[in-house]
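Okay, structure first, notes after.
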Amino acid sequence: MTDAELRAYLLGQSPQADSVRIEERLLEDEEAFEVARSVEDDLFDDYARHRLNATEREQFIARYGAQAARLTFASALARRSQRPASILRFVPRVWIPLAAAAMLAIAVGGVLRSRQDPPAVSTPVSQAVTPPAPMIVALSLGTSRAAGDITQIALRPDVSMLQLRVRLDPADRYDRYAMTLRSSSGNVVWDGRDLQPSIDRGESIVAATMAATAIADGSYELAVEGVNPSRAPEALGFVTVKVTRTR
C-alpha cells in the first residue's frame, strides 16, 4: 500500500473492493497500521493548513468533522509551527493516534459502520498505544437450528474488537452479502447490508467486525443472506454463538 492509496482510503475515495483489501491488511499488519496512522495525521495537518482542495476538504469534514478534539489540536499545532524558529525548536511534533474506527473510520458496507471506539481513556498522548487486532472467530453456517453445536466465544478483558468470520459455501455466489447478529431476545446487535467476501486460504469468507463492548454475555444468532441486484435477499444459513466474558 502506498501513502496515496491510504490517503484515498481514509477520505473515502477508494473503490469498495480496494477499501476491503486495505482494511484487512490494516487489521493484520501492525506496521501497515502505523503507516496509516501517520497518513491520517498528515490529513489533519493538511486540513489545518488549508492544503486540501475543495473536494478533499468536503470528504475530510464528512469523515472527521465530529472529532472536535483532534481538529482543535491540529489547528493549534499548525498555528504553533508558524512561530519563530527560536520557539519552534522546543516544540516537537506530537502525533494523535488513530481512534479504532478511524482505524478504520471507513464505511465499507456495514462492517466498518458497525465499529465503535473502545471506551475513552484519559491517557497522555505520549503514552498512547496502538489498538490491538480484533479477536477472530471462524464460523460455519448451519441450515437449521438443530444443526451443529453452539460456538462458544470466551471474550478476554483485553479484547476490544471481535470479528466473526463466516465460511461461505462455494456454490453461494452473490454480488453482496448481508449479515445480522441478534440476541436471544431478538434485538439486533450488529447489521451489515452491503458486504463483500474476501478469500482466506482459498475459501470465501464474509466477516462482521464489531466493538467487543457491544456484546454482553449470552446467546446470539448470526444470519447470513446472499444479495443480487433486483432480487430479494436469499437466506444462506445461520450460526448460534454463546458469548462469555472471562475475568
Checklist entry - Just by accessible area at a 1.4 angstrom probe, what is the order of M1, M135, M210 from largest to smallest? => result M1, M135, M210
Checklist outcome for this item: The computed P(r) of the stretch 8-70 puts the percent of Cα pairs beyond 20 Å at 30
Item to check | Kirkwood-type radius of the stretch 155-247, with distances r between different C-alpha atoms, in Å | outcome: 14.1
Next on the checklist: Rounded to the nearest percent, how much of the accessible area of the stretch 190-247 (1.4 Å probe, protein heavy atoms only) is carbon and sulfur?
Outcome noted: 49
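One quarter of the convex hull surface, Cα atoms only: what value does that give for the stretch 199-245 in nm²?
Across all orientations, the stretch 199-245 yields a mean hull projection of 4.9 nm².
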Item to check | In nm, spacing of pseudo-spin labels at E28 and N53 (7 Å Cα→C-beta vector) | outcome: 3.4
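Give me the extension gain from D18 to Q163: residue separation times 0.36 nm, minus the current Cα-Cα distance, reported in nm with one decimal.
Values: separation 145, 0.36 × 145 = 52.20 nm, distance 1.94 nm.
Using 0.36 nm per residue and subtracting the Cα-Cα distance, I get 50.3 nm.
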Item to check | Selected from N228, V166, V137, residue furthest toward positive end of dipole (the stretch 130-247; charges at beta carbon) | outcome: V137
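The values are calculated or read from the model by the stated rules, or taken from the named source; none is laboratory data. Owing to the predicted nature of the structure, the values given are computational and were not obtained by experimental measurement. A quick note on method: Cβ atoms are made from the backbone with ideal geometry, for glycine too, and the neighbour counts reach across all protein chains shown. Please note that ligands, DNA and RNA were not included when accessible areas were found on the heavy atoms of the full protein model with its side chains. Shrake-Rupley method; radii C 1.70, N 1.55, O 1.52, S 1.80 Å.
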